[in-house]
Structure formats: C-alpha cells, structure tokens
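The values are calculated or read from the model by the stated rules, or taken from the named source; none is laboratory data. All values reported here derive from a predicted model rather than from experimental measurement. Positions of Cβ are backbone-derived with ideal geometry, glycine not excepted, and every protein chain shown enters the neighbour counts. Calculation scope for accessible area: heavy atoms of the full protein, side chains included, ligands and nucleic acids excluded. Shrake-Rupley method; radii C 1.70, N 1.55, O 1.52, S 1.80 Å.
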Amino acid sequence: MNQTERMHSLKRRYGRTPSHAPVKGPMGGPGRGPGARAAAGRGGRPRQTRQTVRRLMAYLKEDKLRMTMAFVCVILNTFGTLAGAYMLRPIINTYIVPTDGSRGSAAGLAGALAVMAGVYLIGVCANYLQAWIMLTVAQGALKRIRNDLFAKLQSLPVRYYDTNSNGDIMSRFTNDVDTIGMMLSSTLVQLFSGTLSIVGTVVLMLYTNVWLTLVTVVMMPLMMKAGGAVARRSQRFFSAQQASLGAVNGYIEETVTGQKVVKVFCHEDTANEEFRLLNQDLRDNQIRAQFFGGIMGPVMGNLSQVNYSLTACVGGLLCVFRGFDVGGLTVFLNFSRQFSRPINEISMQISNVFSALAGAERVFAVMDEAPEQADDADAVELSPMKGHVVLDHVTFGYDPDKVVLRDISLYAKPGQKIAFVGSTGAGKTTITNLINRFYDIQSGSITIDGVDIRHIKRDSLRRNIAMVLQDTHLFTGTVMENIRYGRLDATDEEVIQAAKTASAHSFIMRLSHGYDTMLEGDGANLSQGQRQLLNIARAALSKAPVLILDEATSSVDTRTERHIEHGMDRLMADRTTFVIAHRLSTVRNANAIMVLENGRIIERGDHEELLAMKGRYYELYTGLSELD
C-alpha cells in the first residue's frame with residue numbers, strides 16, 4: 001500500500017463514523033472509547049453557516065445589556081477616531097496654511113490640538129472599556145457552551161461513545177471552543193467596528209470631496225471581489241483544518257492510552273508512520289488555511305496602496321486646478337488610508353470567523369446528537385427490586401442489518417448466579433448491555449420482577465444494577481471518594497464495610513494515607529488487582545440487587561484472582577448475578593451456565609450437566625477446544 005492509499009485508509013478510520021456502525025481500533029479490533037474512530041468532522045465548508053451563527057448569538061442573549069454597552073463604546077471609539085481625524089482639516093486651514101492668507105495663531109493651534117487630543121482620548125478609553133466588556137461576555141458565553149456540551153455528553157447513549165473517539169470529543173471541548181471564544185471576544189467587535197468605520201468614513205469622504213470619493217468607490221468592487229475570492233477558499237480550508245486536528249488528537253489519545261499494547265507488539269515504527277501521515281495531512285490543511293487566511297491582509301493592503309496613490313494624484317490636481325484646500329486633501333488622504341484599514345481588519349478577521357464557525361459546527365454536531373431515548377410516560381420506579389430477570393426471545397444487532405443475538409431466552413431467579421461462556425464475539429457482553437438498557441432490543445422482551453425494562457425509569461433500573469468490568473476506571477480523588485462513587489450518600493463506615501466485603505480493606509490500610517490516599521492517573525499507583533478490588537467495593541456499596549461481572553478477573557494473576565474471588569463471593573451473596581468469564585473454573589458453582597455461539601444459546605445447564613452432555617462446554621473445559 002503506497003502512502004496515498006495509506007493516508008486515505010487512515011482518514012477513513014479516523015473520519016466520521018455513522019452512529020450505528022461497529023467500530024474498529026487501530027489494530028483492527030473492536031473499538032470503544034480510546035479504541036474508537038475519531039469523529040473528525042466532515043471537512044469542506046460549513047453547511048449551515050446562518051444557523052450556526054444564530055445559535056452562537058443565542059448564547060449572548062443573557063448579556064444583552066453588556067453587549068449594548070460594548071457596542072456603545074465601539075460607536076464612541078469610532079466617533080472619536082473619525083472626528084479627531086476630520087478636525088485636522090480646520091486646524092490646517094486655520095492655523096498652519098490659512099486659506100484667507102492670514103498668519104496662524106500658536107495659542108489657537110495649541111487649543112485646537114488639545115481639543116483633538118481630548119476627542120481621541122474619549123475614543124481610546126471607550127476602546128479599552130469595550131475590550132474588557134466583550135472579554136467578560138465571551139467568557140460567559142463559553143461557560144454556557146461548555147456547560148451545555150458537557151451536559152449533552154451526559155445524556156448521550158453508550159452507542160455514541162462506542163463510535164466516537166475520546167480524543168476527538170476532547171478536541172471539541174478545547175480547540176473548537178477556544179476558536180469560538182476568540183471570535184466572540186475580539187472578532188465580533190472588530191467586524192462591527194470595521195463596518196461602522198467604513199460607513200462613517202464614506203460619509204465624511206463625501207462631505208469632504210465627492211470627486212475624490214468616486215475614486216475610492218471605483219476601487220471598492222475590485223477590493224471586495226479579491227477579498228471574496230480569498231475568503232471562499234479560506235472558509236473551505238479552515239473546516240478541513242479543524243477536521244484534521246480532530247483526527248490527530250484522536251490518534252494521539254488512542255495511542256497514548258494503548259502505549260503498552262503498542263510496545264508489546266513493537267508497533268512503534270508503524271505508529272510513528274501513521275501519525276506522520278496524519279500530521280502531514282494536518283500540516284497541509286493548516287498551510288492552506290493559514291495561507292489563504294493570511295494572504296487576505298496583504299492583498300487588501302496592496303489594493304489600498306493603489307487606491308491611496310490614485311487619490312493623492314487626483315487630489316493634487318484638484319488643489320492646483322480647482323482650488324481644493326490643502327487641509328481637505330490631507331484629511332481625505334488620511335480617510336483614504338483609514339478607509340482601507342477597517343477593510344483590511346475585516347478581511348484579516350475572516351479567517352477567525354471561518355475557523356470559529358467550523359469549530360462551532362463540530363460543537364453543535366455533538367449537541368444535535370440524539371440523546372438517550374426518554375423514559376416512557378408510564379415508566380415506573382422499581383423499588384425495591386428483587387432481581388427476577390427474564391429474557392424472552394430477544395433478538396438484537398448494533399446495526400439492525402447485522403444481528404448479534406438471535407432468539408435469546410433465559411431467566412434468573414433472585415439470588416441466582418448465571419454464567420455466560422463462549423467464543424469472543426458470541427454475544428456475552430451484549431446481553432449485559434441490554435439488561436442495563438445501554439441499547440434497546442429489536443424484538444422480544446426483557447423483564448425484571450415482571451416489568452418490561454422499557455417501562456422502568458432508567459435511573460431506577462441502573463441504580464439497581466452494579467457492574468464490575470474487566471477494564472477498571474478510577475477517578476482522581478481519594479480511595480474513600482472512589483468507593484463512595486457507588487453510592488454518594490454512603491457514610492464513611494459504610495464505605496469501610498464495603499471495602500471489607502471486597503477484601504480491599506487490608507491493602508487500603510497499607511497505603512500511605514489509608515482511605516485518604518489520593519489516586520491519580522486512573523489509579524496508576526495501584527496494581528491491577530488492587531484497582532479491581534476497589535471496583536468491587538464500589539459495587540458492594542451500591543447495594544444493587546442485580547450484579548454483572550464482565551470478566552472481572554481475566555487480567556490478574558491466579559493468586560490475585562483468588563483474592564478477588566473471595567470478595568466477589570461475598571458480593572454475590574443474595575444478589576442476582578450475571579458472570580462473564582473466560583476462565584471456566586470461575587463459573588463452576590453457577591446455578592446455570594449458558595454457552596453461546598454466533599449469538600445463540602447452544603447449551604445450558606449447571607457444570608455437571610454440561611460436562612455430561614460432552615458438547616461445546618465439555619470441549620472447552622477439558623481443553624479439547626479453545627475460546628477464540
């Protein structure tokens with residue numbers, strides 16, 4: 001595969017993934033979270049620019065008064081700049097080159113200059129005030145955007161995180177939101193100020209000399225056409241830049257998270273090469289975006305110099321042959337240069353606008369994702385839950401066209417232990433995802449205590465189900481706080497009792513500060529087994545009547561596994577438990593064992609019954625076959 005083909009392959013992997021599609025990681029395995037594709041955006045120019053602008057402006061509604069004050073300050077600043085510039089005409093004509101032939105007055109000149117300085121001072125003060133106000137307004141808007149974005153992430157279904165990379169989501173929180181902030185704090189005001197300056201300058205130019213104004217007006221279409229041509233390309237390339245940036249962030253996050261896997265398979269060179277290609281794509285898009293964004297100023301500046309030269313030539317002729325005053329010519333030339341300045345500023349800000357709009361579209365794309373389906377109007381609280389779980393002819397596929405589970409039926413009575421075994425991809429974890437309603441089934445039903453889970457409020461359902469997964473996750477905070485995550489209103493005594501239930505109390509007390517030991521970096525200062533024990537303690541604290549153990553001991557050694565199993569045995573007492581395990585020795589005491597293959601239950605029974613069948617379970621248990 002040549003570099004071009006490889007680049008296209010990487011962009012497909014790290015491009016927008018349809019929300020229903022299964023995901024592949026960089027090694028080709030299933031992708032979830034860090035292993036998912038980066039939703040790097042569509043690229044190209046924003047599709048809904050007007051709608052995006054309206055939505056951004058909606059975040060400024062709470063600061064209407066401040067916005068009004070800021071724009072009043074902009075008006076004062078513009079007035080001060082234009083009025084101060086025009087005052088130069090009477091000063092020159094009266095005190096420097098008097099049109100009536102009299103001698104100018106030094107005192108009068110000093111007084112006029114003082115007045116002009118005062119007018120400029122008003123403009124300067126107004127400019128500083130509006131900058132401070134707009135900074136406050138912009139940060140307030142960004143706070144609301146971040147709050148809405150984070151709140152949206154909490155309402156999104158698990159499917160979204162299975163099909164979008166953490167790195168790209170973080171890119172939307174940081175890079176894209178920052179570009180929006182830059183536009184709101186400075187670009188917005190500069191666009192308004194520039195437009196106001198152009199209008200005011202044109203009015204004063206007309207008042208000063210109509211013929212010279214025509215020279216500038218003739219140059220306007222050329223300047224606007226040149227600026228528009230550059231702006232159109234700039235807009236497209238800034239969108240591509242944001243998309244490439246999201247892809248790079250996603251790849252970095254994924255590779256850093258999986259660094260041990262990268263090293264153990266000696267994948268460093270390949271990772272470097274893939275990153276080099278993604279980084280090269282980002283570089284190319286940034287060069288194009290920055291070039292067309294940066295070229296706007298020079299293009300407009302050169303055209304303004306042409307305009308200035310033409311104005312000076314025509315103005316000089318008017319002074320010689322039509323009696324046009326020197327003060328008027330001086331002021332008009334100043335206006336001519338001042339006229340091009342706001343045009344240059346506006347053109348220079350166009351790149352920021354396009355970058356911000358591209359970032360805003362990516363942020364709003366997350367906000368527009370369909371949230372987790374709302375509870376039915378007749379949904380009930382199931383409390384207390386006993387834990388009688390029934391799956392009746394359940395069929396499901398992450399993609400409706402690709403069925404993962406086929407006609408699954410089983411039941412678990414309160415306090416029973418149900419185990420799932422089978423090859424990778426047989427559908428074991430999918431069943432537990434459905435019990436939690438992380439996904440909704442296509443056909444059949446799942447009931448708990450006789451109530452269809454689709455008619456149980458999700459909060460009520462999930463409060464009554466505890467999970468201990470193979471991949472542990474600990475938050476930055478103390479050991480006590482991490483265990484308390486299972487039930488936030490738990491007392492310290494209840495937390496300690498939960499740790500004892502999970503066989504975690506002894507190792508916690510050996511830590512430097514016991515339960516007050518600070519954990520950072522997902523508990524990097526703990527062993528895998530210790531992290532798992534804290535997860536078990538968290539589940540024990542929740543007091544949920546239904547427990548799901550998804551290969552909770554598969555990544556630890558045999559001695560640690562026995563230690564964890566002691567904690568899990570106490571945890572499973574009097575709870576309905578679903579166990580997924582590759583080590584069949586851990587499910588021997590299950591009340592029922594379900595053997596899955598290709599999404600179907602092909603065998604069921606307890607350990608002795610399944611051995612007597614001498615079928616698939618017998619082959620797996622005796623080593624005649626392997627879990628692949």
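List of remarks:
- Cα-based helix-to-principal-axis angle, 210-257 vs the chain, degrees rounded to 10: 20
- Whether segment 422-566 is rounded, prolate or oblate, judged on the alpha carbon gyration tensor where a/c under 1.5 counts as rounded: prolate
- Of the peptides 441-454, 499-512, the order by per-residue mean of other Cβ atoms within 10 Å, starting with the highest, comes out as 499-512, 441-454.
- Relative contact order (%) - criterion: Cα under 8 Å, at least six apart; region: the chain: 14
- Placing +1 on the Cβ of every Lys and Arg and -1 on the Cβ of every Asp and Glu, with no other charges, gives the chain a dipole of roughly 1980 debye about its Cα centre.
- For segment 450-556, the residue among Ile548, Phe507, Asn535 whose Cα projects farthest onto the positive side of the dipole built from Cβ charges is Ile548.
- Each residue, Leu65 and Met367, gets one label point 7 Å from its Cα in the Cβ direction; the gap between the two is 2.4 nm.
- Listed peptides 536-549, 305-318 by packing density, highest first (mean Cβ within 10 Å): 536-549, 305-318
- Potential lengthening between Asn589 and Arg510 on full extension [0.36 nm per residue; Cα-Cα distance subtracted]: 25.2 nm
- Segment 393-532, accessible area per residue, ligands and nucleic acids excluded (1.4 Å, Å²): 44
- Percent of Cα pairs exceeding the 23 Å cut-off, where the set is segment 99-255: 65
- Computed as a quarter of the hull surface, the mean projected area of the alpha carbon convex hull for segment 375-502 stands at 9.8 nm².
- Degrees separating the helix 49-58 axis from the principal Cα axis of the chain, which is the longest one: 90
- Interchain or long-range residues, amide H under 5 Å from Ser105's placed H: none
- Between Ile295 and Asn525, the C-beta separation translates, for a Förster distance of 51 Å, into a calculated FRET efficiency of about 0.50.
- Apportionment of accessible area to carbon and sulfur, segment 171-252, percent (1.4 Å): 74
- Spacing of the modelled spin labels on Ser445 and Ser383, each 7 Å from Cα toward Cβ, amounts to 2.5 nm.
- Value of D in µm² per second that Stokes-Einstein yields for segment 266-348, Kirkwood Rh from Cα pairs, at 25 °C (0.890 mPa s): 150
- Projecting the Cα atoms of Tyr618, Thr174, Ile431 onto the dipole axis of the chain, where Lys and Arg carry +1 and Asp and Glu carry -1 at the beta carbon, places Thr174 farthest toward the positive end.
- The amide H of Ile548, built 1.01 Å from its N in the peptide plane, has Ala466, Met467, Val468, Phe578 as neighbours under 5 Å, considering only residues 5 or more places off or on other chains.
- Normalising the Debye intensity of the chain to I(0), with uniform scatterers on Cα atoms only, and taking log10 at q = 0.10 Å⁻¹ returns -0.99.
- Rounded to the nearest angstrom and listed largest first, the equivalent-ellipsoid semi-axes of segment 570-611 from its Cα gyration tensor are 19, 12, 10.
- Simple label model, 7 Å out from Cα along Cβ direction - Val115 to Ile287, nm: 5.7
- Full extension of the segment from Ala151 to Asp376, taken as 0.36 nm per residue of separation minus the current Cα-Cα distance, would add 78.9 nm.
- In the frame of its principal axes, segment 49-100 has Cα extents of 59, 25, 10 Å, reported largest first.
- FRET efficiency estimate (nearest 0.05) - Cβ-Cβ, Val320 to Asp399, R0 56 angstrom: 0.10
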